[in-house]
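The structure under discussion appears below in the form of structure tokens.
The values are calculated or read from the model by the stated rules, or taken from the named source; none is laboratory data. Nothing here was measured: the structure is a model prediction, and the numbers come from that model. As a convention, Cβ positions derive from the backbone with ideal geometry for all residues, glycine included, and neighbour counts pool all protein chains shown. Just the protein is used for accessible areas: all its heavy atoms, side chains included, with ligands, DNA and RNA removed. Shrake-Rupley method; radii C 1.70, N 1.55, O 1.52, S 1.80 Å.
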Amino acid sequence: MAGESLIPPTEKRESTMSVLTPTLTLEQETNPWEAQAARFDFAARKLNLDQGIWKVLRQPTRELIVHIPVGMDNGSIEVFTGYRVQHSVARGPAKGGIRYSPDVSLDEVRALASWMTWKCAVVNIPFGGAKGGVICDPKKMSQGELERMTRRYTAELIEFLGPEKDVPAPDMGTDEQTMAWIMDTYSMHMRQTVTAVVTGKPVNIGGSRGRREATGRGISVVCDEALKQLGMSIEGCRVIIQGFGNVGSNAAKLLAEKGYTIIGIAEYDGGLYNQNGINIPALIEHRKLAGTITGFKEAEAADKEELLTCACDILIPAATENVITSRNADRLRCKILCEGANGPTTTIADDILADKKVFIIPDILANAGGVTTSYFEWVQDRMGYFWTEAEVNQRLDSIMTESFNDVILYAKTHSVNNRIAAYMLAIDRVAYTTKQRGIYA
Ligand code: GLU
């Protein structure tokens with residue numbers, strides 16, 4: 001393998017789409033690793049990135065695959081496949097969530113790991129990037145099964161995790177309880193309590209105040225900033241959100257509190273629309289009781305796919321990858337696309353949205369509020385001194401505002417779109433550190 005070039009041909013390309021051929025099947029278009037790599041290559045080329053550093057940053061540093069035996073409630077043994085990919089540790093310990101979903105794949109975890117590297121660099125916090133995932137359906141598993149699976153997954157990865165090595169956090173399908181089990185398992189192996197090994201923990205065992213709402217809060221801050229940029233006002237600003245999990249529901253709640261009008265919510269099992277604004281606290285209450293957003297009386301039922309193409313000022317995909325593709329991008333009718341999810345927009349859709357002059361707040365900026373407050377949690381755990389919620393929120397707001405403005409300025413200075421600006425800013429920071437540290441031989 002030595003000397004094999006990982007760099008694609010270097011002809012000039014002005015659109016990320018043309019990195020991929022326009023005749024892609026939907027499956028090729030929606031491969032998250034290819035999507036990440038296309039943006040990385042494009043931004044690296046614009047930066048005139050050193051060829052050696054390009055090769056280093058294009059691949060993850062370490063990819064771990066584990067097959068986890070779990071005793072199920074019915075007495076049988078099931079084996080689950082899990083991954084942990086550490087993309088970069090140049091700027092600090094690897095950092096990123098763990099996802100439990102039937103759709104997890106190595107390519108997806110790879111892409112998500114590298115997005116964590118770029119995300120942490122965009123908001124300038126001292127972490128590299130990682131992601132984990134286990135192929136399973138947490139909705140069909142009992143708490144006991146989830147606990148045993150989580151503990152065994154942690155045990156299999158034990159020497160690769162640690163406050164100074166790799167610090168997991170929640171992602172789709174995992175929550176504060178999952179993080180508590182990881183913290184406990186790691187601590188049992190270390191023979192001491194090590195709270196800083198994971199973030200997103202319950203507050204009473206070293207979690208940070210404000211962490212649960214942090215991604216949604218960060219989204220609300222960048223939306224405020226985008227409105228300022230575009231000379232729009234919060235009053236009358238119509239928002240549609242896809243996904244009502246931790247990210248979507250907290251974004252909806254905080255935006256509504258700020259005076260935005262949430263006209264639509266799309267979930268996996270149905271959607272809601274009310275042009276006068278959905279009462280978000282009432283909807284959260286309804287979901288608590290009914291277990292679903294559907295059937296909420298104060299809004300009309302709406303098709304979850306059609307909601308994405310309804311006229312609105314801000315569209316926030318806050319669920320999963322590949323929601324905006326070549327199949328629907330030309331029908332979007334939003335002015336701002338704020339990416340609460342990781343990788344919701346394909347590269348082909350990017351170019352279509354650029355033609356439509358949609359203002360994009362890219363995922364590695366828009367949803368960075370979560371990992372930023374994870375950073376605060378890690379700092380507080382290591383200090384053993386905990387901040388008030390107001391302190392956490394104020395620090396988060398200022399990092400999100402500053403990072404938004406850094407990206408916009410970068411885009412203007414280099415005449416690139418916001419996404420490529422965010423990648424360039426991030427790659428530049430990681431490349432600088434990689435060069436400074438040098439290559440260990
Ligand atoms: N899973 C979240 C993300 O994708 C949070 C990661 C973290 O806090 O480390 O950004």
Assuming residue 184 fulfils every condition listed in (1) touching a Phe, Trp or Tyr at 6+ places or on another chain (Cβ under 7 Å); (2) part of a helix (DSSP H, G or I); (3) away from the ligand (no atom under 11 Å from the Cβ) apart from one, which condition is it? (1)
Residue list for the stretch 68-89, filter: open to solvent by 40 Å² or more (accessible area, probe 1.4 Å), β-branched (Val, Ile, Thr) and over 21 Å from residue 368 (Cα atoms): 77, 79
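Here is a yes/no grid of residues against (1) at pLDDT 95 or above; (2) touching a Leu at 6+ places or on another chain (Cβ under 6 Å); (3) under 30 Å from residue 388 (Cβ atoms); (4) among the β-branched types (Val, Ile, Thr):
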position	(1), (2), (3), (4)
101	yes, no, no, no
116	yes, no, yes, no
148	yes, no, no, no
158	yes, no, no, yes
164	yes, no, yes, no
184	yes, no, yes, no
190	yes, no, yes, no
196	yes, no, yes, no
201	yes, no, yes, no
Return the residue satisfying two criteria in turn: it lies in the stretch 370-388 and is touching a Ser or Thr at 6+ places or on another chain (Cβ under 9 Å) and away from the ligand (no atom under 15 Å from the Cβ), and of such residues it is least open to solvent (accessible area, probe 1.4 Å). 387
Under the condition of being more than 14 Å from the ligand (Cβ to nearest atom) and of a type outside the set (D, E, K, R), which residue from the stretch 90-110 is least open to solvent (accessible area, probe 1.4 Å)? 90
Any chance residue 353 is more than 30 Å from residue 201 (Cβ to Cβ) and either open to solvent by 10 Å² or more (accessible area, probe 1.4 Å) or not basic (Lys, Arg) (or both): yes
Residue 394 being open to solvent by 90 Å² or more (accessible area, probe 1.4 Å) and within 24 Å of residue 250 (Cα to Cα): yes
I need a count of the residues in the stretch 128-152 that are assigned to a helix (DSSP H, G or I) and either within 16 Å of the ligand (Cβ to nearest atom) or at positive phi (or both). 2
